[in-house]
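The values are calculated or read from the model by the stated rules, or taken from the named source; none is laboratory data. Because the structure is predicted, anything quoted here is derived from the model rather than measured. Please note: Cβ atoms are built from the backbone with ideal geometry, for glycine as well, and neighbour counts cover all protein chains shown. Just the protein is used for accessible areas: all its heavy atoms, side chains included, with ligands, DNA and RNA removed. Shrake-Rupley method; radii C 1.70, N 1.55, O 1.52, S 1.80 Å.
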Amino acid sequence: MRHFILTMAGLLVISGSAAASAGQNAVVQVDFTNEQLNPSHWTLTVHTDGSGHFASQMNNTPEGGAQPVDAPSVDRDVQLSAAFTGHVFEVARLHHMFNESCESRLKVAFEGWKKFSYTGTDGAGSCTFNYSKDKEIEALGGSFEAVAETILEGARLEKLLQHDRLGLDKEMEYLVDAAGDGRAMEICTIRPILVRLADDDQVLERVRKRARQLLAQAGT
């Protein structure tokens, strides 16, 4: 199995070929479950044009909850970049619409169950794994988690803007760091809240500056 070194130029080429081969009505969905996290379950669907939908349901926060700022439950449409979308469908095509075994069955730390599903006029399939020995499948799982982290961070920022403007400073610092090291991807999915923060003179200038930095990274 060839190893992908993902560059922006390469991803844009993949986007066009993947969309053409997958068909206009194809959909990839990932379902993530890890009862140790909050939210413990989320789903992200992606269409070949980059449109998608994200849904998560927050658990009841335990006493002395570990997270000082929990994102509310999320149920919203999102728009993903052409590069990311193209890569998703290219991996699906190379792996037979996920009609293969993804799980390694190795004794590794539990990372959360990821179920990849593909439906389209050219076929359908699904596979579920905690850890996959296939580098492309494992990496795609990590990328989906990073996108989910971005969307959940956007929900946290919306909550803080409404209830705790001073708390935005620390949260934005985290998001900039996470975007820099790959823990958060597809910043374009939270563009509306970043625009609001960049334009809001009632928040700290550091928050506005970081929002502008992330918007520039997202191609705005």
Within the stretch 37-93, take every residue that is modelled with pLDDT under 95 and either touching a Lys or Arg at 6+ places or on another chain (Cβ under 8 Å) or among the β-branched types (V, I, T) (or both) and give me the one that is least open to solvent (accessible area, probe 1.4 Å). A71
Note on the stretch 95-129: residues of a type outside the set (S, T, N, Q), in contact (Cβ under 8 Å) with a residue 60 or more places away in the chain and farther than 15 Å from T45 by Cβ are F110, E111, G112, W113, D122
Is there a residue in the stretch 204-218 that is out of contact with any helix residue (DSSP H, G or I) (no Cβ under 6 Å at 6 or more places or on another chain), outside any helix (DSSP H, G or I) and either β-branched (V, I, T) or within 19 Å of Q79 (Cα to Cα) (or both)? no
Members of the stretch 130-160 found to be aromatic (F, W, Y) and either touching a Gly at 6+ places or on another chain (Cβ under 6 Å) or farther than 15 Å from T43 by Cα (or both), listed by number: Y131
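Conditions tested, residue by residue: (1) over 27 Å from N34 (Cβ atoms); (2) at pLDDT below 95; (3) open to solvent by 10 Å² or more (accessible area, probe 1.4 Å).
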| position | (1), (2), (3) |
| --- | --- |
| D134 | no, no, yes |
| A146 | no, no, no |
| C188 | no, no, yes |
| R206 | yes, no, yes |
| Q213 | yes, no, yes |
When the stretch 106-127 is checked residue by residue, the ones that are in a loop (DSSP other than H, G, I, E, B) and of a type outside the set (V, I, T) are L106, K107, A109, F110, E111, G112, D122
Going by the conditions given, is D181 open to solvent by 90 Å² or more (accessible area, probe 1.4 Å), more than 19 Å from the chain's Cα centre (by Cα) and not β-branched (V, I, T)? no
Inside the stretch 190-204, can you point out the residues that are among the basic types (K, R) and either surrounded by fewer than 16 Cβ atoms within 10 Å (Cβ to Cβ) or on the phi > 0 side of the Ramachandran plot (or both)? R196
Within the stretch 163-171, can one find any residue that is open to solvent by less than 30 Å² (accessible area, probe 1.4 Å), closer than 24 Å to S56 by Cα, in contact (Cβ under 8 Å) with a residue 12 or more places away in the chain and under 20 Å from the mean Cα position of the chain (by Cα)? yes
Any residue at all in the stretch 103-112 that's at pLDDT 95 or above, closer than 23 Å to G50 by Cα and open to solvent by less than 20 Å² (accessible area, probe 1.4 Å)? no
Return the only residue of E173, E138, E103 being in a loop (DSSP other than H, G, I, E, B) and of a type in the set (D, E). E103
